[in-house]
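The values are calculated or read from the model by the stated rules, or taken from the named source; none is laboratory data. Note that the structure is predicted; figures quoted are calculated from it, not measured. All Cβ positions, glycine included, derive from the backbone under ideal geometry; neighbour counts span all protein chains shown. These accessible areas exclude ligands, DNA and RNA; they are computed on the full protein's heavy atoms, side chains included. Shrake-Rupley method; radii C 1.70, N 1.55, O 1.52, S 1.80 Å.
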Amino acid sequence: MGMSPALKTALERLADAHDLSALAVAYRRLATRYREAKPGANVAIPSAVEAAAYALARSPATHAAATLALAKSLEQLENVDALETMIDLGAGVGATTMAAMAVLPGLRAAALVEVSPAMSDALAQIVGAMTETIALDIRREDVFSAFSTLLPADLVVTGYCLGEIEPSRRL
């Protein structure tokens, strides 16, 4: 399951919006913060160029892993076509939602929750550019605040948002 042409095009557009040397510097800065962070720590991504560097570096592999995981999980369900709505908690730049779009032919609406302004802006650029077939509700809020206003969904997914949850709220 390779990268879809739509994802490739969306990432190319995102890359074209930034200077290549700025992306390289942002990626090195981000990689250093990730390596130095304690397990479970939130690694903030405060700028558009860092969000773009993150998306370019991580989206292809995250998309591939999420596509495979969803496809394998959905093999256990009898009526996959009936899954029409989803919620992506801690959506990042939307790799898991894009994976769901690839494996769920009946998907009609997705609510994507991402607290980081820079990441949610990149998310809107990437996922928004990839779809005209599903309704997107991109929410810039933390996952706990979102629970009070989100409608029920057929599928709820989460990726790498555990570090964003305050330790006192974790199970």
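What to note about this one:
- Test: residue in the range 132-140 that is at pLDDT 90 or above, of a type outside the set (Asp, Glu) and either out of contact with any strand residue (DSSP E or B) (no Cβ under 8 Å at 6 or more places or on another chain) or open to solvent by less than 40 Å² (accessible area, probe 1.4 Å) (or both): yes
- Top-ranked residue of the range 63-80 - restricted to ones that are out of contact with any Ser or Thr (no Cβ under 9 Å at 6 or more places or on another chain), of a type outside the set (Gly, Ala, Ser) and closer than 30 Å to residue 148 by Cβ, ranked as surrounded by the fewest Cβ atoms within 10 Å (Cβ to Cβ): 79
- Scanning the range 142-155 for residues that are surrounded by 15 or more Cβ atoms within 10 Å (Cβ to Cβ) and not in a helix (DSSP H, G or I) gives 142, 150, 153, 154, 155.
- Residues of the range 156-171 that turn out to be open to solvent by 50 Å² or more (accessible area, probe 1.4 Å), of a type in the set (A, V, I, L, M, F, W, C) and part of a loop (DSSP other than H, G, I, E, B), as a count: 1
- Among the residues of the range 96-110, those identified as closer than 21 Å to residue 52 by Cα and open to solvent by less than 10 Å² (accessible area, probe 1.4 Å) are 97, 98, 99.
- Residues of the range 89-124 satisfying the condition of being β-branched (Val, Ile, Thr) and more than 14 Å from residue 59 (Cα to Cα): 103, 113, 115
- Of the residues screened, residue 124 is not one that is of a type in the set (A, V, I, L, M, F, W, C) and open to solvent by less than 10 Å² (accessible area, probe 1.4 Å).
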